[in-house]
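Shown next, in structure tokens, is the structure this report addresses.
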Amino acid sequence: MSDETGKDLGWYSSRQRTLIPLDARFRYPKSLRRVLNQNRFSVAVNRDFQAVVEGCSNRETTWISDELKEIYWALHQAGWAHSFETWQEDQLAGGILGIVIGGAFIGESMFFRIPDGSKVAMVKLVERLRDRHFVLFDAQMMNPHLERFGAYIIRNDDYRDLLREALQIKCSLI
């Protein structure tokens, strides 16, 4: 991630990781079930990757510098970085930026422009990861929003074991 100036990139690794469960522990609020039942959003993968990166970086304080945007674009071109998006008609409602390595989806950032856009993206992404036999959804750092979905923290040693397992299989988001 970049520093607060946006000029220097550094490697960030914590002693613990936040995972989004891909099993029955994944949950979401009842109010979101109603939104999902209304089918107000459609989902897409990589329909507008650059717009998702911009949406994720368009904050008062961001760690996604211009250099990181270029790196994400190169990773996307190489088939590693993906955007999982929600749309309301022709308007990008929200999205999640992530890296796919083997059976691991490493979530980098998410955003919304329309209320519930990123929440619907989260639910639909988990469904897709399950259907495609991913074993790991790494959200990196805990926050109250992720906690509502059943996110949990594991020690870095346990994370490395799970990542090692995920790297043994080949999955595709597309």
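The values are calculated or read from the model by the stated rules, or taken from the named source; none is laboratory data. Everything numeric in this text was worked out from a predicted model, so none of it was measured. Here the Cβ is made from the backbone with ideal geometry for all residues, glycine too, and neighbour counts use every protein chain on show.
A few remarks follow.
- Count - residues of segment 56-96 that are touching a Phe, Trp or Tyr at 6+ places or on another chain (Cβ under 7 Å) and either free of Cβ contacts under 8 Å to residues at least 40 places away in the same chain or within 21 Å of residue 137 (Cβ to Cβ) (or both): 9
- Of the residues making up segment 37-65, just one is crowded, with 21+ Cβ neighbours inside 10 Å, assigned to a loop (DSSP other than H, G, I, E, B) and either of a type in the set (Ser, Thr, Tyr) or at pLDDT 95 or above (or both), namely 41.
- For segment 125-174, filtering for residues that are touching a Lys or Arg at 6+ places or on another chain (Cβ under 9 Å), closer than 17 Å to residue 84 by Cβ and either of a type outside the set (A, V, I, L, M, F, W, C) or without any contact (Cβ under 8 Å) to a residue 40 or more places away in the chain (or both) leaves 4.
- Yes/no for residue 128 being closer than 16 Å to residue 32 by Cα and either over 14 Å from the mean Cα position of the chain (by Cα) or not hydrophobic (A, V, I, L, M, F, W, C) (or both): no
- Any hit, segment 66-75, residues being of a type outside the set (A, V, I, L, M) and part of a loop (DSSP other than H, G, I, E, B): no
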